[in-house]
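Down below is the structure, laid out as structure tokens.
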Amino acid sequence: MSDTVAGAVGLVGYGEVGKILAAALVERGVAWVGAWDILLPDPAAGPAMRAHAEAAGVAPTRSLAELLARADVVISAVTASQAIAVAREALPSIRPGTWFVDLNSASPGAKREMSALIDGAGGRFVESAVMTSVPPYGIKVPMLLGGAHAAALHERLAPLGFSMEVASNEVGVASAIKMCRSVMIKGLEALVTESFTAARAYGVEERVLASLHETFPMLDWETLGSYLMSRSALHGKRRAEEMREVAVTVREAGLEPWMASATAERQDCMGRQKGPLGLGALPQDANWREYADRLLAARKAPG
């Protein structure tokens, strides 16, 4: 197994994140960049995904095993619910010394379980906590690494443009940092959505905003509200899944995840309404009132 990371890098999951990272790796001259996604064999979604990969200089593989047969570094960018399943599926095919980097928003316990599986099969597991949305940062999105192999992986990937910091040589620490942060960040999105929309329904939004500004004068609640509601409207489904893993994280610490669980429900509700209410079609700079009005209109609609 070569220690030269630029030799071969494989992406598991060719969604938004996988496409962004794969394109950046191709651009930086990595000799071989491959991808595997469960939708590649799908008759409906597969052809377009394959065409996209090939046009980007990425080799679409026919299975995870085929990807593992070629890649020196495997980056798992699927969903939290599938993260452990991917690690398990990799066990029969992973070659000794293969780096397995898990980018998924999973709990510390899930990361430790994956580490035991991959390291036990001769691979080198590294957890990566992605600390903000990948767009617009791309490959430079801030990541925290964790695990016994984290420092060595950093040496190999940092020259390719990754913005990585080693959080700990213990698996689970990086994930704990990200997930505890998400209680606040995704929770604030849910709180603003609920508070501002209810205030709009009662016609008291200006008084509420004025009161918030008096209490927290350092925050521009008008601008912040628009930003937070747009993030929830655009990415509610993904955020809900992450918050369910956050709830697991809180529970692993011995606490009841009341806030995380409630946030997951609010984010999931926004995700379900993204299409039917046209939330995703609003312009990037839409005011929070536009989101609130659509939510309220749905409330008032018959049936």
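Among the residues of segment 197-211, those that are free of Cβ contacts under 8 Å to residues at least 12 places away in the same chain and surrounded by 14 or more Cβ atoms within 10 Å (Cβ to Cβ) comprise ALA198, ALA199.
Against the condition hydrophobic (A, V, I, L, M, F, W, C) and either touching a Phe, Trp or Tyr at 6+ places or on another chain (Cβ under 8 Å) or open to solvent by 40 Å² or more (accessible area, probe 1.4 Å) (or both), how does VAL26 come out, does it pass? The answer is yes for VAL26.
Taking into account only those residues within segment 63-76 that are over 10 Å from VAL12 (Cβ atoms) and not acidic (Asp, Glu), which is surrounded by the most Cβ atoms within 10 Å (Cβ to Cβ)? Among them, the one singled out is VAL73. Among the candidates GLU214, GLU194, GLU189, the residue that is open to solvent by less than 10 Å² (accessible area, probe 1.4 Å), farther than 30 Å from TRP32 by Cβ, in a helix (DSSP H, G or I) and of a type in the set (D, E, K, R) is uniquely GLU189. When GLU170 is tested against the conditions (1) surrounded by fewer than 18 Cβ atoms within 10 Å (Cβ to Cβ); (2) within 30 Å of THR223 (Cβ to Cβ); (3) touching a Gly at 6+ places or on another chain (Cβ under 8 Å); (4) not aromatic (Phe, Trp, Tyr), the lone failure is (2). Count of segment 73-82 residues, restricted to those that are in contact with a strand residue (DSSP E or B) (Cβ under 6 Å, 6 or more places away or on another chain) and in a helix (DSSP H, G or I), is 0. Residue under question is TRP288, and the condition is that it be out of contact with any Gly (no Cβ under 6 Å at 6 or more places or on another chain) and either buried (at least 22 other Cβ atoms within 10 Å of the Cβ) or not small (Gly, Ala, Ser) (or both); does it hold? It is false that TRP288 is out of contact with any Gly (no Cβ under 6 Å at 6 or more places or on another chain) and either buried (at least 22 other Cβ atoms within 10 Å of the Cβ) or not small (Gly, Ala, Ser) (or both). Taken over segment 130-156, the criterion of being of a type in the set (A, V, I, L, M) and over 30 Å from LEU228 (Cα atoms) is satisfied by ALA148, ALA150, ALA151, ALA152, LEU153.
Before we move on, is GLU165 on the phi < 0 side of the Ramachandran plot, under 20 Å from the mean Cα position of the chain (by Cα) and not in a loop (DSSP other than H, G, I, E, B)?
Considered against the rule, which asks whether it is on the phi < 0 side of the Ramachandran plot, under 20 Å from the mean Cα position of the chain (by Cα) and not in a loop (DSSP other than H, G, I, E, B), GLU165 comes out as yes.
On the stretch given as segment 12-23, residues that are hydrophobic (A, V, I, L, M, F, W, C) and over 14 Å from VAL73 (Cβ atoms) total 3. Candidates in segment 77-121 are the residues that are farther than 22 Å from ARG238 by Cβ and among the small types (Gly, Ala, Ser); of these, the one that is least open to solvent (accessible area, probe 1.4 Å) is ALA90. Within segment 243-272, the set of residues being open to solvent by less than 10 Å² (accessible area, probe 1.4 Å), within 20 Å of ARG112 (Cβ to Cβ) and free of Cβ contacts under 8 Å to residues at least 60 places away in the same chain comprises ALA247, PRO257.
Take the conditions of a type outside the set (A, V, I, L, M, F, W, C) and buried (at least 17 other Cβ atoms within 10 Å of the Cβ) and apply them to SER133. Does it pass? No: the conditions fail for SER133.
If you go through segment 7-64 and keep only what is acidic (Asp, Glu), part of a helix (DSSP H, G or I) and either in contact (Cβ under 8 Å) with a residue 40 or more places away in the chain or touching a strand residue (DSSP E or B) at 6+ places or on another chain (Cβ under 9 Å) (or both), you end up with GLU16, GLU54.
The values are calculated or read from the model by the stated rules, or taken from the named source; none is laboratory data. Remember, predicted model here, so these are calculated numbers, not experimental data. Neighbour counts are summed over all protein chains in view; Cβ atoms, including those assigned to glycine, are modelled from backbone coordinates with ideal geometry. Protein only, heavy atoms only, side chains kept; ligands, DNA and RNA dropped before computing areas. Shrake-Rupley method; radii C 1.70, N 1.55, O 1.52, S 1.80 Å.
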